[in-house]
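> Let me begin by handing over the structure; questions about it come next.
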Amino acid sequence: MVKNIISWDLGATKCAAAIVEYHEDTEEYKCKKQYSVRLSACRSLEDLTSQLEQALGLKMRDADAICIGAAGFYDGSQLLHDTGYPYPMHFAKLAETEKWPSYAVIHDYSPIVCSTFTSSMKDPQSVIRLNQREVNPLGRRIALGVGTGLGLKDGILFKCGDFWLGNNETGHIGVSIPPYTYSHYHERHDEFVKFLRSESVLGADEALTFEKILSGKGIVRLYRFFHPETSDHSPEIIGKKISLGESNRVRAFFAWYLGLFVGTVQLAYMPDGGIWITGGVIQNHMNVFSCAEFFHGIEASPAFLTKRQEFPLGVLCGAEHGFVGGAYYAVKRLLTPPSKAC
């Protein structure tokens, strides 16, 4: 039997959704059709939902389940976000009015973790391995997302196919001076912090967090640090400049901070199920992983480095991981009878 699950990826500026077929006999997930729209192109949540339904050719109420991976905090009635959505996200009211099937609104990186529990990880077109270490199938694994913000979610798969997901806000970890690195990295880091304070990005006593560097706005800050004469500060324009190789210094500095963050996460979680990196910034700057600075950043924290080098490390490409992972969550949490759970 085939189940049709509608999986959402709802961010602060745009929303994507897909129909994912779940084949019960083979336990395979297939992304059938997907669509993306900017939130500003819709008048309300109802209008957004209507546009998704029209593009996908399937009403929400006619799906077997719905999983919404969303930025922000869902209080059981409405989705809230620090910077605010352009209109109220009152999912509970809409679901009741439109007679939705079972649905869940979850942390936006939970579906990414769940996708690592599926066979999609075997697709060499969508998973780039930065090392060839063996994945412990029952080990802790982490989805690390670099986009408008910095997201992270950890999870563990159980033998029965059920799973556990952590609850964390790791993107707000402060950037500490690494215990071991080349002196010029220390000097450049100190200069960058002074620059951020001079630009009022950081207050006099405010700590620098990884999110202020490893995000869309963070890329702009790095670019302006090296190119103070620039007049266009949009992440899109700056991102294109870096992608075209117009500032290898920015790319290398970003790569070092990303490696430093990966090393910090390794120490905090010891993830023998792997760290899997994704997000809009990463998709647009895949060449950061060819920088030696990325690995220098990881090695800047030498504690347990030999052990940490045994952990898998890779990049998840494209949008289907989130959709498939959302469908997996729906199957295990919304469609599976409790008696079959662990």
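The values are calculated or read from the model by the stated rules, or taken from the named source; none is laboratory data. Please read these numbers as outputs of a predicted model, since none were measured by experiment. Quick reminder, even Gly has a Cβ in these numbers, built from the backbone with ideal geometry, and neighbours come from all protein chains shown. Ligands, DNA and RNA are excluded from the accessible area calculation, which covers all protein heavy atoms including side chains. Shrake-Rupley method; radii C 1.70, N 1.55, O 1.52, S 1.80 Å.
> Give the accessible area for H172 in Å² (nearest 10); use a 1.4 Å probe, count only protein heavy atoms, and leave out ligands, DNA and RNA.
Answer for H172: close to 110 Å² accessible.
> About the Cα centre of segment 1-86, what is the dipole size in debye to 20, counting +1 per Lys and Arg Cβ and -1 per Asp and Glu Cβ, all else neutral?
Here the size comes out at about 400 debye.
> With an 8 Å cut-off on Cα pairs and a minimum separation of 6 or more residues, tell me the relative contact order of segment 1-148 in percent.
This gives 21 percent for segment 1-148.
> Now a separate question. How much of the accessible area of the chain, probe 1.4 Å, is carbon plus sulfur, in whole percent?
It is 50 percent, rounded to a whole number.
> Let me ask something else. Just to confirm my numbers, what's the Cα centroid distance between segment 88-143 and segment 145-184 in Å?
Measuring centre to centre over Cα atoms gives 15 Å.
> To continue, here is another question. Tell me which trypsin sites (Lys or Arg not before Pro) from segment 93-177 have a DSSP coil assignment and no more than 10 other beta carbons within 10 Å of their own.
K99, K159
> Let me cross-check S290: its accessible surface, 1.4 Å probe, with only protein heavy atoms counted, in Å² to the nearest 10?
Accessible area of S290: about 90 Å².
> In addition: Which percentage, to the nearest 5, of the DSSP beta bridges contained in segment 6-150 is antiparallel?
65
> Quick check on the chain: helices-only [θ] at 222 nm, where DSSP H runs of length 4 and up contribute -39,500 (n - 2.57) each and the sum goes over total residues. Nearest 500, please.
-9500 deg cm²/dmol
> With a probe of 1.4 Å, find how much accessible area segment 259-333 has per residue, and write the answer as a whole number in Å².
Per residue, segment 259-333 has 32 Å² of solvent-accessible surface.
> May I pose another question? Need one number: % antiparallel among DSSP beta bridges in the chain, to the nearest 5.
Counting only bridges with both partners in the chain, antiparallel ones make up about 65 percent.
> Among I106, I277, I237, whose mean-square fluctuation peaks in a Gaussian network model of the chain (Cα, cutoff 10 Å)?
Comparing I106, I277, I237 in a Gaussian network model of the chain, the most mobile one is I237.
> If you don't mind, another one. Where in the chain are the DSSP H helices whose C-alpha atoms run 24 Å or more along the long axis and whose mean Kyte hydropathy is at least -1.0?
Result, helices passing both filters: 248-269.
> Right, something else. With an 8 Å cut-off on Cα pairs and a minimum separation of 6 or more residues, tell me the relative contact order of the chain in percent.
22
> Follow-up question, since we're still on this one. Which lysines, on any chain, are close to K240 with Cα under 19 Å apart, when same-chain ones fewer than 8 places away are left out?
In chain and number order, the partners are K217.
> Would you list, by chain and number, the lysines whose Cα falls below 18 Å from the Cα of K159, excluding same-chain residues fewer than 8 positions away?
Those lysines meeting the cut-off are K332, K340.
> Magnitude of the Cβ-charge dipole of the chain, K/R +1 and D/E -1, about the Cα centre, nearest 20 debye?
So the magnitude is around 280 debye.
> Counting other Cβ atoms within 10 Å, keep those with at most 14, restrict to DSSP loop, and tell me which GluC sites (Glu not before Pro) in segment 215-323 are left.
E229, E246, E310
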